[in-house]
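Note sheet for the following structure.
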Amino acid sequence: MGKKMSNAPVYFTLAQIRFNPILKMDEYLPTIQDKFRACDFPDFRHEQVQQIPFSAGGQAVAPAVSSQSRYIFGNIEGTGNYVLDSNSLVFQTTAYETFDAFSDSFKQGLSIVNESLNLAFIERLGTRYFDAVLPQEGETLTDYLVSEVMGTSDFADRLVHSLSETVSLSDHGTLVSRVVIRDGQLGMPSDILPLAPSLPSKITGFQGLHAIIDSDAYNEIRKPMDIDDVLKNLAGLHSDINASFKKVVTEHALQIWK
């Protein structure tokens, strides 16, 4: 689905699925880890995440604090990994090429987990893309983004940040499309950064005026586990992101990135 762009703006992508809880995950880990290792994801680490329960009003409930295990299976290059916990799997990469290749990698990880756990149902599927808009010398962001998402950023003396957000629904699910304009270092949101694969130097070394197109598509429908159905749904979510992306960037941008 689609061909690789020679100068693609995408620098981070993830797909996440939430499934029925598996309380004895530790018992299956040796088999799961061995299969990921055989698929060129030999790096492994185990983390304990502290969880603080909150009341309906948003206040912390004292004193109970629980911990949850999560397992990270990474490739040798450090550009991709799978994050597994008791009820979810995430595949994330900073070396995205095409949707077909990305979908195949997600399928590979999900198949490994499902073969070992025999999952009963899923209740959430989502995918998220980050695209970096970095104008070339002599260009501005207005050469790359439509005016509707620029806000008043052009008129600021010293811009801190500008945010445009649109939430929409389709037959595939919910799409949250954000365009963030900043003057400073290009990076990742704090909720993603700790587990993110290694970012390319083009991203970590950039300092200046830029925009990030953050596209987050998901649905929360409980249904029996069916990998073919999951992949079809993922393709639908991707098509929503692709359509939205093309509406917020200019033809000039597409020509530069193609």
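Applying a threshold of 7 Å to beta carbon distances and a minimum spacing of six or more residues, or different chains, the list of pairs starting in segment 5-28 at a residue that is among the basic types (K, R) and surrounded by fewer than 21 Cβ atoms within 10 Å (Cβ to Cβ) and ending at one that is modelled with pLDDT of 95 or more and not in a strand (DSSP E or B) reads R18/N87.
Answer yes if at least one residue in segment 209-218 is outside any helix (DSSP H, G or I), β-branched (V, I, T) and in contact with an Asp or Glu (Cβ under 6 Å, 6 or more places away or on another chain), and no otherwise. Walk me through it before giving the result.
We begin by selecting, within segment 209-218, every residue outside any helix (DSSP H, G or I); these are 209-218.
Checking which are β-branched (V, I, T) leaves us with 212-213.
Applying the additional criterion that residues be in contact with an Asp or Glu (Cβ under 6 Å, 6 or more places away or on another chain) yields 213.
Taking every residue of segment 209-218 in turn, at least one turns out to be outside any helix (DSSP H, G or I), β-branched (V, I, T) and in contact with an Asp or Glu (Cβ under 6 Å, 6 or more places away or on another chain).
Of the numbered criteria (1) farther than 30 Å from D157 by Cα; (2) within 13 Å of the chain's Cα centre (by Cα), the one I221 fails is (2).
For the subset of segment 227-241 comprising residues that are touching a strand residue (DSSP E or B) at 6+ places or on another chain (Cβ under 8 Å) and touching a residue at least 24 places away in the same chain (Cβ under 8 Å), which member is nearest to G109 (Cα to Cα)?
Applying the first criterion (touching a strand residue (DSSP E or B) at 6+ places or on another chain (Cβ under 8 Å)) to segment 227-241 yields 229-230, 233-234, 237-238, 240-241.
Keeping just the survivors that are touching a residue at least 24 places away in the same chain (Cβ under 8 Å) gives 230, 233-234, 237-238, 240-241.
On the way: V230: 13, N233: 17, L234: 14, L237: 19, H238: 18, D240: 23, I241: 22 Å.
Filtering segment 227-241 for residues that are touching a strand residue (DSSP E or B) at 6+ places or on another chain (Cβ under 8 Å) and touching a residue at least 24 places away in the same chain (Cβ under 8 Å), the one nearest to G109 (Cα to Cα) comes out as V230.
Within segment 171-196, the set of residues being over 21 Å from L237 (Cβ atoms), part of a loop (DSSP other than H, G, I, E, B) and of a type outside the set (S, T, Y) comprises L186, G187.
Checking the structure you have, find out if any residue of segment 89-105 is touching a Cys at 6+ places or on another chain (Cβ under 8 Å) and not charged (D, E, K, R). Lay out the reasoning, then the answer.
Step one: filter segment 89-105 for residues touching a Cys at 6+ places or on another chain (Cβ under 8 Å), giving none.
Within segment 89-105, not a single residue is touching a Cys at 6+ places or on another chain (Cβ under 8 Å) and not charged (D, E, K, R).
Name the single residue that is surrounded by the most Cβ atoms within 10 Å (Cβ to Cβ) among those in segment 181-196 being farther than 30 Å from R45 by Cβ and touching a Leu at 6+ places or on another chain (Cβ under 8 Å). Lay out the reasoning, then the answer.
Pass one, segment 181-196, residues farther than 30 Å from R45 by Cβ: 181-184.
With touching a Leu at 6+ places or on another chain (Cβ under 8 Å) added as a condition, the list becomes 181-183.
Numbers: I181: 23, R182: 18, D183: 15.
Restricting to residues being farther than 30 Å from R45 by Cβ and touching a Leu at 6+ places or on another chain (Cβ under 8 Å), the top hit is I181.
Can we say D229 is more than 24 Å from F41 (Cβ to Cβ), modelled with pLDDT under 90 and part of a helix (DSSP H, G or I)? No: the conditions fail for D229. As a summary of the residue check, R158 satisfies the conditions (1) touching a Ser or Thr at 6+ places or on another chain (Cβ under 9 Å); (2) basic (K, R); (3) surrounded by fewer than 21 Cβ atoms within 10 Å (Cβ to Cβ) except for the one numbered (1). A search for C-beta distances below 8 Å between a residue of segment 31-43 that is of a type in the set (S, T, Y) and any residue that is in a helix (DSSP H, G or I), counting only pairs 6+ apart in sequence or on different chains, returns T31/S116.
The values are calculated or read from the model by the stated rules, or taken from the named source; none is laboratory data. In this text the structure is predicted, and so the values were computed from the model without any measurement. Please note: Cβ atoms are built from the backbone with ideal geometry, for glycine as well, and neighbour counts cover all protein chains shown.
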